[in-house]
Amino acid sequence: NAGLLELSLGKFRNVLLNRTNPVEAVIRNIASNVTVVIFQVHAQQSDVVISFDKNPSVNSSGTGVDKGLVSILRPQQSICTWYLRSLDAGQVLSTAISIPYMEKDPIPGGCNLEFDLEVDPNIYLDYTLVDTHIKFAPANLGYTRGANPPSCDSGTGQNSRWRLHYDVYQYFLPENDLSEMVLMSHIRKMSEVQSIKANGIKMLTLTTDDKTNVYFSSLPGQGVIYNVIVWDPLWNTSAAYIPVHTYACSFADLVDNCSSLSKLSTKVFFTVLAVLGLFTCYFGHRFWKTDLFFMGFIFAGFFFFVFITRVTGLGYDVRLMLTAVAGITGGLFVVASWWRFGSVLLCMFIIGLVLGFLFSSTVFFTPLGDYRVFRDDVVFWVTFSSVALMIPVLFVGCPRILNILASGIVGSYAVILAIACYVYTSLAYITLDLLRRVLNDYFSRAYTNVPFQTNDFIILSVWTMLALSGVTVQLRRERSKVPFPPHPYLTWKRERERRSTNVLDPSHHIPPLRERIHNKLLHIKEFFQKEQPAGERTPLLL
């Protein structure tokens, strides 16, 4: 027998569902001015089935973690009934609510032509590690009980559904919290119109001329709730679709699930990079060659990873290993170029470019990056490159300041990237969203808004403290010293010529390298020889 769940309009109820015993949800004493009731149920990760009948059919039911049905009330009808069950054998915690709407309120999904339900208020969501896609059916105008619904294709004037607007909202769950009860409590904030406006972040507004689908940047491990409010400007009335949530990851996978997203190779790579970055943050200018190696590693590694991802189908771990090799090669090449040519200007251009890329990525990490004009790739990359090149140009007259700033800021950000491998932080998306845009042709259509909660403020404070202290320490230590070390190759040549021509220089009389090695080997050989006994070894002369 089906269990009975008595509901009240606008009130949430938590309910345990299973596969064998469906639950009958009933609402009684519905007021006569209510024309539509939207019933919805939500679970965290297990699919539930919601239907009008005990025996669900395709056209009268929905299956998923966030599903709802629209009941169009008949004249004199005061009772509504729905049936709920889960697809799992075990018990599934879910929360249910029914929301009433009046005759002037628009009907979400009332002009559905794509999905199975005749009136479909659901938002359909799918995701990859890169982006999250939501789509929904267009709404229709409201109408009184017993009347025929307005035609969905009777023109595009102000008396048709074409006057409706759609506001898309986003809401972030608390960071690093994957519990069911947290989801259940927060999804209530995104179910009714006034609560959505009070708690959600309005991302964009669509008109009926726009396609009813939107893309967002995926945030694996971070819970996000999406919903849409349809607004009728003539009557100034609104209605909400069924909220939908995602963590952009799987709870069921044994490896790389929502609880352990970072691969071991990623942790090793960025932990080593963080150690080098922390050293560079405080000692980069003093240990000039180490600083050059660090910047060259980042510069070469980034572009090589983009190249190898674009042109090959290698696995992630292999690509990361090859990127590390390419980064080391690039770092050594920059150091060797400095030793041979000694061009401070060329080295500072590379260092300034790395800092410029980080600065430009930070600019587009702000809400500025979601402006519609930057959906165009040409506009985006021209603006991004201009901002990035502005850094080395502005500091062309003071290369020491530029190098100290770059080593302090970039080195400390490497520490932040390592922290992001162990604890979620939105600051990692400063550079990750740039990498996604380089690697994916269609990422430009995605909105890249991210949460900024207590965890992020703490890590931002750590980044700021590291960067400021690193820059300050280096400026104070290097203020009385020469800006940069002398040209190493020319210095070596001058020393060699001086030793070969100045006979009074003690170094002129230093034996050749081969002779010095031979003498060292003789000393080692004598050390292991057996000591001869003392005394006369020759006959006495008489």
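The values are calculated or read from the model by the stated rules, or taken from the named source; none is laboratory data. Every value quoted in this text rests on a predicted model; they were computed, and no experiment measured them. Using ideal geometry, Cβ is built from the backbone for each residue, glycine included, and neighbour counts are taken over all protein chains shown. With ligands, DNA and RNA removed, areas are computed over all heavy atoms of the protein, side chains included. Shrake-Rupley method; radii C 1.70, N 1.55, O 1.52, S 1.80 Å.
Couple of notes before you dig in:
- Residue ranges 224-230, 313-319 sort as 224-230, 313-319 when ordered by packing (mean number of other C-beta atoms within 10 Å per residue, highest first).
- Estimated at the nearest 10 Å², the accessible area of Met348 is 10 Å² with a 1.4 Å probe.
- Å² of accessible area per residue within region 264-478, as computed with a 1.4 Å probe and no ligands counted: 47
- Packing rank of 30-38, 80-88, where each peptide gets the mean count of other beta carbons within 10 Å, highest leading: 80-88, 30-38
- Dipole magnitude of the chain, debye to nearest 20 (Cβ charges: Lys/Arg +1, Asp/Glu -1, about Cα centre): 2260
- The angle between the Cα long axis of helix 454-478 and the longest principal axis of the Cα atoms of the chain comes to about 20 degrees, rounded to the nearest 10.
- Normalised by the number of residues in the chain, the average gap of Cα pairs under 8 Å and 6 or more apart makes the relative contact order 11 percent.
- Surface composition of the chain: carbon and sulfur make up 61 percent of the accessible area, probe 1.4 Å.
- Cα gyration tensor category, rounded, prolate or oblate, for region 1-143 with a/c compared to 1.5: oblate
- Averaged per residue, region 111-248 has 41 square angstrom of accessible surface, using a 1.4 angstrom probe with ligands and nucleic acids left out.
- Highest-first packing order for the peptide set 245-252, 450-457 is 245-252, 450-457, based on the mean count of other beta carbon atoms within 10 Å.
- Any cysteine of the chain lacking a neighbouring Cys Cβ under 4.7 Å - listed by number: Cys80, Cys281, Cys347, Cys398, Cys421
- Crossing angle, helix 377-394 versus the chain [Cα axis fit, 0-90 degrees, rounded to tens]: 40
- Pairwise FRET efficiency - Ser151 versus Asn33, Cβ, R0 = 25 Å, nearest 0.05: 0.55
- Between helix 288-311 and the chain: long-axis angle, C-alpha atoms, 0 to 90°, nearest 10: 40
- Averaging the Cα positions of each part gives two centres, and for region 125-168 and region 303-357 these lie 50 Å apart.
- Sorted largest first by accessible area at a 1.4 angstrom probe radius, with every protein chain in place, the residues Lys135, Lys520, Lys481 fall in the order Lys520, Lys481, Lys135.
- The relative contact order of region 264-478 comes to 33 percent, based on Cα pairs under 8 Å that sit 6 or more residues apart.
- With 26 Å as the limit on Cα-Cα distance, the pairs of Lys11/Lys104; Lys289/Lys481; Lys135/Lys197; Lys54/Lys197; Lys189/Lys267 that go past it are Lys54/Lys197; Lys189/Lys267.
- Entry note, the chain: the mean residue ellipticity at 222 nm calculated from DSSP H runs of n ≥ 4, each adding -39500 (n - 2.57), is -13500 deg cm²/dmol after division by the residues and rounding to the nearest 500.
- Computed over region 98-242: relative contact order in percent, which uses C-alpha pairs under 8 Å that are six or more apart: 31
- Within-15-Å neighbourhood charge of Ile97 [Cβ basis; K, R +1; D, E -1]: +2
- Phi angles across region 65-80 convert, under the Karplus curve 6.51 cos²θ - 1.76 cosθ + 1.60 with θ = phi - 60°, into 3J(HN,Hα) values of 8, 9, 9, x, 10, 9, 9, 7, 7, 8, x, 6, 6, 10, 10, 10 Hz, Gly and Pro given as x.
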